[in-house]
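Working notes for the structure below.
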């Protein structure tokens with residue numbers, strides 16, 4: 001009788017340890033992916049994951065209609081070639097598999113990203129002596145709106161400035177409640193957003209356009225680069 005109780009206790013403890021291991025893996029996998037590469041012609045996409053020793057990822061790619069385009073397995077980097085086009089919205093999701101290709105996590109929710117070309121945006125100086133900038137965002141199918149942030153440093157301190165509808169032109173002239181100051185550099189992030197579901201609102205995509213603005217008196221200069229995160 002005592003031996004049976006010990007045996008049952010050992011089996012219960014083993015099962016509990018297995019469940020805790022799977023739960024910890026799930027906690028890791030849902031926080032470890034980002035779109036880190038999109039080619040200039042938007043035909044090649046790379047997604048980086050957090051490496052999990054002894055496991056690999058099963059990754060699915062979808063178009064804006066949630067139709068499956070491609071599938072691949074990887075350990076930490078998934079590459080898709082020839083299935084995406086410029087100026088569109090795409091989604092991906094993934095799950096974790098063990099060495100026997102048995103799933104140890106459920107599929108993640110769909111994660112959006114865009115392939116909008118940088119030249120589809122427009123940034124113009126309203127006046128040489130007026131400290132205002134006009135930004136026009138493009139119309140792209142699948143994009144609900146654009147969230148515009150302004151900061152005085154390139155990597156932190158960004159504040160929400162405007163929400164622009166596709167095709168709309170907005171005027172930027174203030175940061176932190178004050179007009180743009182001559183001699184300062186300002187940084188603008190434009191994040192495309194998509195409507196996830198009717199009941200779940202709008203979420204940002206996994207990449208954004210990044211402008212750097214130089215405010216020198218009698219002249220304005222700016223440049224942009226497309227950034228993924």
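The values are calculated or read from the model by the stated rules, or taken from the named source; none is laboratory data. Computed from a prediction, not measured in an experiment: that's the story for all the values here. We place every Cβ from the backbone using ideal geometry, glycine too, and count neighbours over all the protein chains shown.
If you go through the stretch 161-181 and keep only what is on the phi < 0 side of the Ramachandran plot and exposed (fewer than 11 other Cβ atoms within 10 Å of the Cβ), you end up with just 178.
Under the condition of being farther than 19 Å from residue 207 by Cα and in a strand (DSSP E or B), the residues counted in the stretch 147-185 number 9.
Restricting to the stretch 116-146, count the residues that are in a strand (DSSP E or B) and in contact with a strand residue (DSSP E or B) (Cβ under 6 Å, 6 or more places away or on another chain). Result for the stretch 116-146: 13.
The rows are residues; the columns are (1) assigned to a loop (DSSP other than H, G, I, E, B); (2) more than 19 Å from the chain's Cα centre (by Cα); (3) surrounded by 10 or more Cβ atoms within 10 Å (Cβ to Cβ); (4) at pLDDT 90 or above.
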site: 3; (1), (2), (3), (4): no, yes, no, no
site: 8; (1), (2), (3), (4): no, yes, yes, no
site: 11; (1), (2), (3), (4): no, yes, yes, no
site: 22; (1), (2), (3), (4): no, yes, yes, no
site: 28; (1), (2), (3), (4): no, no, yes, no
site: 34; (1), (2), (3), (4): no, no, yes, no
site: 45; (1), (2), (3), (4): no, no, yes, yes
site: 61; (1), (2), (3), (4): no, no, yes, yes
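Reported count of residues in the stretch 96-115, each being within 18 Å of the chain's Cα centre (by Cα) and outside any loop (DSSP other than H, G, I, E, B), is 4.
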